[in-house]
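The block underneath contains the structure these notes are about, expressed in structure tokens.
The values are calculated or read from the model by the stated rules, or taken from the named source; none is laboratory data. These figures come from a predicted structure and were not determined experimentally. A quick note on method: Cβ atoms are made from the backbone with ideal geometry, for glycine too, and the neighbour counts reach across all protein chains shown.
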Amino acid sequence: MFASRTLSPGEPFPSPDQATAEGVVAIGGELTPDRLLVAYRSGIFPWYEEGLPVLWWSPHPRAILELDALHVSRRLDRTIRRQSYRFSVNEAFESVMRACGAERTEGTWITRAMIAAYTDLHRRGHAHSVEIWDGDALVGGVYGVAVGGLFAGESMFHRRRDASKIALVKLVEHLRERGFVLFDLQILNDHTARMGAREIARNEYLRRLQRAVDLPVRFC
């Protein structure tokens with residue numbers, strides 16, 4: 001499974017074309033905000049478990065959600081209109097990230113080092129969250145990384161039925177309003193597929209990525 005390339009601190013990432021069949025580009029190296037920004041600009045992201053070296057991925061195929069192709073079911077639309085949930089942007093980034101890790105019974109890649117690095121990235125204006133609130137209770141959310149016109153969705157969670165779906169809908173609305181052109185979901189799952197996500201080839205993703213990251217777009 002593992003790539004043969006082990007990174008030294010500061011060593012450039014290999015080309016995503018050199019990824020293993022599973023999508024692993026490299027192992028190791030530092031997990032810092034600057035390193036993360038280079039990774040996302042290159043079509044690479046970290047995904048690993050606590051206690052293991054950092055694994056850097058660029059899967060083929062790649063899951064994306066076209067911002068004009070979001071599917072909102074009639075039931076979800078009724079829920080959004082009827083519920084009194086409040087949504088916010090960047091009010092509780094670290095809480096959203098921690099909740100995304102805590103809610104996963106199958107284990108999580110959201111390690112302590114990941115939380116520290118992405119929270120620092122958030123302070124620098126590149127990692128963002130959308131929160132769903134029921135009164136004062138945080139009941140759902142999604143977070144990810146923005147670079148130019150790219151938003152890379154990392155994870156979402158819910159503590160009320162449909163709260164993560166509502167967070168995704170609100171995020172897509174926000175990305176449209178701000179002029180984003182590429183919403184990366186990394187790996188397709190049943191949840192995102194039902195909401196309109198699809199897979200594209202890695203080389204197509206990389207072409208679209210290079211156009212997106214240079215756009216003068218800001219999340220906030």
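Hey, residue 115 hits all of (1) more than 24 Å from residue 215 (Cα to Cα); (2) touching a residue at least 40 places away in the same chain (Cβ under 8 Å) but one; which does it fall short on?
So the condition that residue 115 fails would be (2).
Any chance you could count how many residues in the range 84-100 are not in a helix (DSSP H, G or I) and not aromatic (Phe, Trp, Tyr)?
Residues that pass the stated criteria total 7.
Taking the condition of being without any contact (Cβ under 8 Å) to a residue 60 or more places away in the chain and surrounded by fewer than 22 Cβ atoms within 10 Å (Cβ to Cβ), how many residues in the range 165-188 meet it?
Count: 4.
Of the residues that make up the range 164-174, is at least one small (Gly, Ala, Ser) and within 23 Å of residue 84 (Cβ to Cβ)?
yes
Hey, among the residues in the range 98-124 that are modelled with pLDDT of 95 or more and not hydrophobic (A, V, I, L, M, F, W, C), which one's farthest from residue 145 (Cα to Cα)?
Within the range 98-124, the match that is farthest from residue 145 (Cα to Cα) is 98.
Determine which member of the set 35, 86 is crowded, with 18+ Cβ neighbours inside 10 Å, over 17 Å from residue 204 (Cα atoms) and at pLDDT 95 or above.
That would be 35, the only listed residue that is crowded, with 18+ Cβ neighbours inside 10 Å, over 17 Å from residue 204 (Cα atoms) and at pLDDT 95 or above.
Go through the range 51-79 and give me each residue that's more than 30 Å from residue 31 (Cβ to Cβ) and surrounded by 16 or more Cβ atoms within 10 Å (Cβ to Cβ).
70, 72, 76, 79
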